Amino acid sequence: MRPSLVLLSARLLDPATGLLLPDSALAVSGGRIFALGDDREIHALADPSTTVLDLKGAVVTPGLTDGHLHPVSGAELTHGLDLSGCTDLVSLREAVAREVRTLAPGAWLFGWGLDPNVFGDRPVESAALVPVLDGVPALLQLFDAHSMLASPRALELAGIDGPRTFDQAAEIVCDETGRPTGLLLEDAACELVERAAPRPTHGERRDRLAAALRRMSAAGLTGGHAMDANGESLALYAELEAAGELPLRLRVAPWCQPGIDVEGLKALIEQQGAGGKLWRVAGVKLFMDGTIDNGTAWLERPDCHGESTHAFWPDPDVYTRIVGELHRAGVPTATHAIGDAAVRHVLDSVEKAQAGGGSGVRHRIEHIESVPDDTLGRFADLGVLASMQPTHCCDFTRADHTDNWSRRLGEERASRAWRCRDLRDSGATVVLGSDWPIAPFPPLGVMAGARHRRPSRDLTQPPHGPEQALTALEALQGLTTAPAHAAGEEHEAGRLAIGHRADLTVLADNPLTVPATELVDLPVLLTVLDGRTTHRDASL
C-alpha cells in the first residue's frame, strides 16, 4: 500500500492522554492513517506520487471538530453589516449610519451580531435607531440568532402592525398601545419579516457557504456537528462535495419543531443516514427554550423582568413523547436547553425514554448556560452529553455581572454560568463548540475561552467564573475525543491511530503548553480532511 500523504518530523499529540506519541511520522492512504513510525521508515513507504511534507517539529492533533455550528444559516446571517464590535448606542448608530449612506434607494440593510448590552438600561427596540435609519427597511440580527430588530419600514413592508399568535414560543414585541417595537423573538416571528426582504439566490448561498467553510478549514477545523438542515442545506452540502469543495466533515441534525405530525416525525427518522462521504444526517435537533438575553429561556424561577417562564414547546409532554419515539427508533437527539427548567425537563425526558427500552442512543443537551447542583450528576448517570460554548460566557457576559444575561438571572444564578468544570467533574462528557455564527468559529479561540473565560476583545479583563475553567487537555478533548464519542465514532475518529480517519490539524506548537491567552494566535500550518489537504500554510 502506497501512501498519498506522508508527514515527517512531527510531534504527534494524543488527546486522550495529553502525551506525544513516540512516533515522529505518519502515512495516509485511502483517507486513513495506515502507518506510524520514525521518519526513515515512514519516508521509505513513499513513491513519486506521494505528497511528502517535513513539518519541522510542528504538532499534529486529530482534526478539530466543532460540536455545534450552523454552516448554511451562518453563511447567510453573516452577510451584511457586522455589528459585533459595537459596544454602546453611539457606536451602533454610527455603524448603521455609515451603512445607510452606502445603500441604493429602496435597498434593505442587513446586520448581524448585535449585542443587547449596547442598549444599556434602555429597552431593546428600533426607536433608538430610527433617526439614522431614515426610512430604510432594516433587519438587525441580535447575537443570539433567536431575535432581531426590524425597522418601522421593514415592519410596514411585511404587513405587521400588531401582535400575532404562534404555535411555538415566539413574539412580536409590542408597546402598551399594541404597536410593534421592532423586537422580534424566535424564528416564527422573525420569519414574518424575513419573507418580505430580498433573498439570496442559490448561487449566492452556495458561494457564501463555500467561502465560510474554506475559512473554517484554514482555522484548523476538519469537522462540525451542524445543528440544522434548513432550506437548501443538504442540497448545498451535496453540491459542494460533488465539486470537491467540501472541506469539513459534517454531521447534520435536522430540526423537529412543535406542531410536527406523525408523518413529519416518520420523515425525520427515515432521513437518518442520508448523505455523502463527507456529510450525513445523524440525529435530530429540538428546542426546549429560547435564550436568557431575550427572556425566552425556561427558568424554574422567572428572571428579573418576570420573563423566561415557559417552554418552547407549548406542551412539554409532547416533547417528552417525541424524544421517546426517536429514542426507540435509535435516533439521537440534541436539544437546545439554556435555562434550568429546560435542562431538567430534557433530562427527565431522556430518563423516561431509556426506561421504555432501547440502548446505545447518545442524546445530548446544547448550551446548558445555568444549572443547579442537583442536575449535574444526571448527565453522567443518563449518558447525556453536555454540549457547551464557553466563548458565549467570555464575550456576552461580564465577571462583575453587569451584563444583560447576568442582570436578568440575578447574582445567585449568574454565579452558575457555563459550569464546564462542574459538569466535567461530575463525569459528563463535555463537547465544545462555537455555535457559529453566534460566536467566532476558530477552534483555538473556543479552546482558549474554555481555559481563560475572559472577553476575547480584552484579555486583561477578569474572567467570569474562573473556577469553571477547563484544563488545556480537557479543552482539546472537547474538540477531538468528545465530538467523536458524541457521534459514536470513537473507533475511527478523535485519535492518531492506525485505521483512524486521516482528519488532521497541524499547529506550529503544542496547544497544551501555549498559554491560554496566546492560543488564538497559534498558527495553523496544515489541515487535512480524509487524507486530502484543505489548507496549507505557505511556510510548509
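The values are calculated or read from the model by the stated rules, or taken from the named source; none is laboratory data. Here the structure is a predicted model, which is why all the values come from computation and not from measurement. All Cβ positions, glycine included, derive from the backbone under ideal geometry; neighbour counts span all protein chains shown. What goes into the accessible areas is simple: the full protein's heavy atoms, side chains included, and nothing from ligands, DNA or RNA. Shrake-Rupley method; radii C 1.70, N 1.55, O 1.52, S 1.80 Å.
Descriptive notes on the structure:
- All C-alpha to C-alpha distances of segment 319-413, sorted into 10 Å bins beginning at zero, yield P(r) values of 15, 45, 26, 12, 2 percent in whole numbers.
- Put simply, when 103-113, 72-82, 303-313 are sorted by average Cβ atoms within 10 angstrom per residue, most first, you get 72-82, 303-313, 103-113.
- Mean Cβ count within 10 Å, highest first, over the residues of peptides 477-484, 163-170: 477-484, 163-170
- Neighbourhood charge, 14 Å Cβ-Cβ cut-off, centred on VAL520 and excluding it, Lys, Arg +1 and Asp, Glu -1: -1
- Counting only alpha carbon atoms, the long axis of helix 262-271 and the longest principal axis of the chain meet at about 30°.
- Of all accessible heavy-atom area on segment 498-540, the percent that carbon and sulfur account for (1.4 Å): 50 percent
- Segment 291-404 - percent of accessible surface contributed by carbon and sulfur, probe 1.4 Å: 47 percent
- Shape category assigned to segment 135-192 from the gyration tensor of Cα positions, a/c cut at 1.5: oblate
- The order of the peptides 254-261, 439-446 by mean Cβ neighbours within 10 Å, most packed first, is 439-446, 254-261.
- The spread of Cα positions in segment 220-270, taken along each principal axis and listed from longest to shortest, comes to 38, 21, 17 Å.
- What the Cα atoms of segment 370-465 give is an Rg and a Dmax of 13.3, 39 Å.
- Computed over the chain, Cα set: Rg, Dmax in Å: 23.3, 79
- What separates the Cα centres of segment 247-273 and segment 471-540 is a distance of 29 Å.
- The Rg/Rh ratio for segment 433-488 is 1.00, where Rg is the radius of gyration of the alpha carbons and Rh is the Kirkwood radius.
- Alpha-carbon Debye profile of segment 303-352, log10 I(q)/I(0) at 0.18, 0.23 Å⁻¹: -0.57, -0.86
- The convex hull around the C-alpha trace of segment 1-124, projected and averaged over every direction, spans 14.1 square nanometres.
- Debye-sum result for segment 240-332 in log10 I(q)/I(0), which assumes one identical scatterer on each alpha carbon, at q = 0.11 Å⁻¹: -0.45
- Normalised by 2.2 N^0.38 Å, where N is the number of residues, the C-alpha radius of gyration of segment 473-528 stands at 1.21.
- For segment 105-242, the percent of C-alpha pairs falling in each 10 Å distance bin, counted from 0 to the bin holding the largest distance, reads 10, 35, 31, 19, 5, 0.
- Rg/Rg_ref, segment 404-454, where Rg_ref = 2.2 N^0.38 Å and atoms are Cα: 1.29
- Sites ASP38 and GLU156 - FRET efficiency at Förster radius 56 Å, r taken between beta-carbons, to 0.05: 0.20
- Accessible surface of segment 408-485 [probe 1.4 Å, protein heavy atoms]: carbon and sulfur percent: 51 percent
- Rounded to the nearest 5, the antiparallel percentage of DSSP beta bridges internal to the chain is 45%.
- Along its first, second and third principal axes, ordered by size, segment 376-532 spans 50, 38, 27 Å in Cα coordinates.
- Computed over segment 9-49, the percent of Cα pairs more than 16 Å apart is 40.
- Computed with a 1.4 Å probe over protein heavy atoms only, the accessible surface of the chain comes to 38 Å² per residue.
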